[in-house]
Amino acid sequence: MKDYYSKYKTEHSWLIKEKGWVRSLQGGRESQFALGNGFLGSRAVLEEIPYESKPGTYIAGLYDKIGSQVAELVNLPNPFNFKIMIDGERLGVLTMDAVEHRRVLNLRKGLLLRHTVFQDTKKRRYDFQSLRFLSMASKNIGVMQVVFTSLDSAVKLSIETGIDTSVHNTGTVTEGRKKHFRIKEVGQFDNQGYLIVETFGKSHSIIFRSGLYYKTAGKKILAGYNVFELRLRKNQTIVFTKIFYVQAVPGGEDLDKAKKLSEKKFRKAFLGSYSSLLGRHICAWEDLWKVAEISIWDDPEVEKGLRFNIYHMLICVPQDHGFSSIGARTLTGEGYHGHIFLDTEVFLLPFYLYNLPEAARSILCYRYNRLDAARGNAKKFGLKGAMFPWESAGSGEDETPGWAKDLDGKIIKIDTGKMQHHITADIAYAFYLYYNATHDEKFLRDYGYEVFFETARFWASRVKYNKKKKKYEINNVIGPDEFHKGVNNNAYTNMMAKWNLLIAYNMFQKIKKSEPGLLRKLVKKIELSYKEPADWKKIASGIYINMDKRQIIEQFDGYFRKKRIPISDWDENYLPVVREKITPRDYQATQFVKQADVVMLLYLLSDVFSLKTKKCNYEYYIARTLHKSSLSLPIYAVMAIDVMDRGRAYQFFNTAIRADISNIHNNTNEGIHAACIGGAWQVLIRGFCGIKIQKEMLSINPSLPRTWRKVIFSLHWRGSLLKFEAKNNSLKIQIISAGRKKKIKLRVFETLHEMSGKKIFQFKRKMPLKHEQAYYL
């Protein structure tokens with residue numbers, strides 16, 4: 001049988017493959033093989049939409065709350081819908097025998113390919129092949145092509161396509177499954193179908209337009225309707241091509257005007273060339289990979305796993321000036337209702353910052369655009385400034401649900417929205433990281449100063465002065481470790497708040513000196529007193545963390561007195577196994593840690609702590625951390641590299657990059673883990689390749705696994721694009737394009753260098769690294 005799409009299946013290091021159809025794996029496959037372009041996301045449900053599959057079509061930033069306890073990412077009608085009936089039998093993996101079944105996700109070109117051979121109850125075989133994509137060049141456009149051949153006899157086909165509206169959002173612990181839209185208009189004319197749905201909250205109308213044509217024996221025929229019949233001879237091949245257009249229209253905008261514009265754009269795509277649509281899409285992907293591609297020599301499986309993660313970061317990132325951001329499960333599923341957490345700013349942002357700076361800017365604008373909502377959130381708690389919500393959606397108000405399932409499936413009350421306040425400092429940290437890596441002064445003027453000042457105001461009102469200790473405390477919080485609720489002086493929260501207050505003070509001094517006119521406008525806008533920054537500095541100096549004589553940082557007041565239960569067993573992924581007969585609710589009384597907490601502090605504020613402090617805290621907390629969040633292992637992997645625990649560094653990294661491609665946490669069906677894929681990239685770049693910002697300068701000091709010959713990658717830095725070829729004892733750097741400052745200062749192997757021009761610069765380490773055998777683990 002001819003493989004019509006074989007030319008897209010030759011680059012094996014870029015292909016993720018599914019061989020054979022396994023019913024129990026389909027939920028995960030739908031997330032793993034998902035398509036997207038930053039505006040639209042589509043789960044990789046099979047075209048015939050089998051029973052128990054979970055079609056998912058999502059628009060970034062489109063939420064609805066009607067009928068739910070919190071706003072949810074809306075699951076919209078499914079355009080990738082193509083059903084075939086053959087003499088009364090439905091073509092499908094559940095209704096016929098799948099004699100052969102293969103799917104391929106081409107990461108480099110953003111294509112999902114399928115080849116299935118079906119056999120019906122009369123032993124007649126049918127060859128079904130498909131290609132589909134969401135255009136990376138024209139974000140509103142999606143394309144599906146199906147090639148069908150009846151191998152054993154002449155048949156009569158009944159075709160049903162169009163936009164499938166029988167979709168729903170997944171039910172939660174307190175609610176059943178639900179819809180978040182109603183059909184507003186539907187029609188069929190001039191060889192195209194259209195559908196307009198409206199969210200129940202009336203925040204948006206969504207326009208769908210689709211058309212289908214088919215070719216056989218060189219003849220092209222436009223399908224006038226979504227349901228029609230055809231007769232095929234034995235071995236006759238027919239090629240169906242479906243093109244659709246999706247547009248979201250905000251509630252206050254002119255819908256009739258949007259309808260006319262959408263029709264014009266759709267018809268241009270539909271009546272144009274399929275090969276041109278595909279070609280432009282592939283070219284757009286090639287442009288993305290020119291910067292984002294990473295080559296790891298001599299470790300092809302790790303390289304492919306990392307590319308899989310990068311692919312998913314590329315398909316979920318919006319560039320819409322802050323209308324939307326990235327949820328904890330990207331645009332591949334409805335886990336956590338599609339809400340935005342610190343995952344975006346702490347774990348994903350560095351990838352975009354160094355690969356797509358404009359996308360990083362858009363992500364931060366999402367937070368700035370909701371600064372008023374953050375101010376309102378602070379007022380609800382009787383606090384000042386801006387308090388960003390733990391879970392955010394469309395409005396910027398807190399969307400944390402009241403109830404959820406615990407690790408063992410029990411229903412528990414959720415307090416994170418009321419106590420997990422460190423996210424405010426996490427967001428301020430992300431704003432500073434962006435400015436540090438870009439020196440984007442306009443961004444700082446338009447958004448950054450205001451965010452720094454309002455978040456500092458929040459912390460200044462959140463602390464309480466302890467007269468006895470003569471210290472400022474932050475009580476009744478939840479740190480990154482969510483096993484322990486309502487604790488006092490969580491080290492991570494305290495130190496990040498301290499950092500936030502100090503950076504805001506420094507930024508006030510900067511604007512006061514460089515742009516006094518802008519400062520006067522800002523002071524008037526947010527009613528900032530000129531005395532407040534001095535208070536921020538005073539408060540910061542009085543915030544403390546507990547550290548014992550061994551330099552172990554106490555995670556929170558009283559943590560050292562909690563019950564110690566040794567971890568003595570690990571699974572095949574090096575994740576701890578608890579053998580004690582205790583429930584997750586009992587973890588509060590123990591020293592068990594859910595995920596990196598103190599260790600994440602050491603990672604984010606790396607310059608603040610000595611190597612000795614990092615090492616002893618890493619060893620102490622690794623013996624207590626259960627890694628019950630996918631974002632934990634990347635942080636521990638980077639810290640393992642820093643403290644030269646090379647064996648565990650590679651193990652943690654290897655598990656992190658396989659979290660979704662291997663469904664390690666057994667919940668990839670709910671969507672790809674955003675924090676983990678971003679964190680795994682940071683392990684490679686920040687950890688193994690040694691790319692760090694130290695004292696506001698880019699530093700490079702690789703420490704690669706001994707089995708890797710070299711790593712090749714590119715990064716944006718302060719307006720310049722740099723290409724690196726990193727080995728343990730040598731480094732090549734090329735300036736691909738230079739920013740306004742033609743001379744670039746970098747610290748390479750702990751020595752300062754200045755570069756200019758587009759030639760290749762080569763550096764060698766004075767004292768070669770020596771690696772131990774443990775790196776092979």
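The values are calculated or read from the model by the stated rules, or taken from the named source; none is laboratory data. Computed from a predicted model, the values in this text were never measured in an experiment. Glycine also receives a Cβ, built like all others from the backbone with ideal geometry; neighbour counts cover every protein chain displayed. Just the protein is used for accessible areas: all its heavy atoms, side chains included, with ligands, DNA and RNA removed. Shrake-Rupley method; radii C 1.70, N 1.55, O 1.52, S 1.80 Å.
Would you confirm whether or not segment 604-614 contains a residue that is part of a strand (DSSP E or B), open to solvent by 50 Å² or more (accessible area, probe 1.4 Å) and modelled with pLDDT of 95 or more? No: segment 604-614 contains no residue that is part of a strand (DSSP E or B), open to solvent by 50 Å² or more (accessible area, probe 1.4 Å) and modelled with pLDDT of 95 or more. Of all residues in segment 106-117, those that are at positive phi have Cβ atoms under 8 Å from Cβ atoms of residues that are of a type outside the set (A, V, I, L, M) and not in a strand (DSSP E or B), 6 or more apart or on another chain, in Gly110/Asn37; Gly110/His281; Gly110/Trp285; Gly110/Tyr311. Find the strands (runs of 3 or more DSSP E) located wholly in segment 38-96 whose residues include 2 or more that are in contact (Cβ under 8 Å) with a residue 24 or more places away in the chain, of a type in the set (A, V, I, L, M, F, W, C) and surrounded by fewer than 23 Cβ atoms within 10 Å (Cβ to Cβ), and list them. Passing ranges, in order: 83-86.
Of the residues Ile693, Ile712, the single one that is part of a strand (DSSP E or B), out of contact with any Lys or Arg (no Cβ under 9 Å at 6 or more places or on another chain) and open to solvent by 10 Å² or more (accessible area, probe 1.4 Å) is Ile693.
Being open to solvent by 10 Å² or more (accessible area, probe 1.4 Å) and of a type in the set (Val, Ile, Thr): is that true of Ile414 here? Considered against the rule, which asks whether it is open to solvent by 10 Å² or more (accessible area, probe 1.4 Å) and of a type in the set (Val, Ile, Thr), Ile414 comes out as yes. For segment 270-321, residues that are out of contact with any Ser or Thr (no Cβ under 8 Å at 6 or more places or on another chain), open to solvent by 10 Å² or more (accessible area, probe 1.4 Å) and small (Gly, Ala, Ser) total 6. State whether one or more residues within segment 769-776 are touching a helix residue (DSSP H, G or I) at 6+ places or on another chain (Cβ under 6 Å) and not polar (S, T, N, Q). Taking every residue of segment 769-776 in turn, at least one turns out to be touching a helix residue (DSSP H, G or I) at 6+ places or on another chain (Cβ under 6 Å) and not polar (S, T, N, Q). Checking Ile733, Ile700 one by one, the residue that is free of Cβ contacts under 8 Å to residues at least 40 places away in the same chain and open to solvent by less than 10 Å² (accessible area, probe 1.4 Å) is Ile733 and no other. Does segment 61-92 hold any residues that are among the small types (Gly, Ala, Ser) and under 30 Å from Lys123 (Cβ atoms), and which are they? Those that are among the small types (Gly, Ala, Ser) and under 30 Å from Lys123 (Cβ atoms): Gly88, Gly92. Cβ-Cβ distances below 8 Å connect the following pairs, each with a first residue in segment 494-506 that is under 15 Å from Gly479 (Cα atoms), a second residue that is open to solvent by 10 Å² or more (accessible area, probe 1.4 Å) and assigned to a helix (DSSP H, G or I), and a separation of six or more residues or different chains: Met495/Val608; Met496/Tyr429; Met496/Leu604; Ala497/Arg462. Just a yes or no: is a residue in segment 183-191 open to solvent by less than 10 Å² (accessible area, probe 1.4 Å) and at pLDDT 95 or above? Taking every residue of segment 183-191 in turn, none turns out to be open to solvent by less than 10 Å² (accessible area, probe 1.4 Å) and at pLDDT 95 or above. Take the conditions (1) within 23 Å of Val593 (Cα to Cα); (2) of a type in the set (D, E, K, R); (3) out of contact with any strand residue (DSSP E or B) (no Cβ under 9 Å at 6 or more places or on another chain); (4) surrounded by fewer than 22 Cβ atoms within 10 Å (Cβ to Cβ); Asp426 misses just one of them, which is (4).
Would you confirm whether any residue within segment 119-129 is in contact with a Pro (Cβ under 6 Å, 6 or more places away or on another chain) and farther than 19 Å from Ile59 by Cβ? No: segment 119-129 contains no residue that is in contact with a Pro (Cβ under 6 Å, 6 or more places away or on another chain) and farther than 19 Å from Ile59 by Cβ.
All conditions but one from (1) closer than 23 Å to Lys156 by Cβ; (2) hydroxyl-bearing (Ser, Thr, Tyr); (3) touching a residue at least 24 places away in the same chain (Cβ under 8 Å) apply to Ser205; the one that does not is (1).
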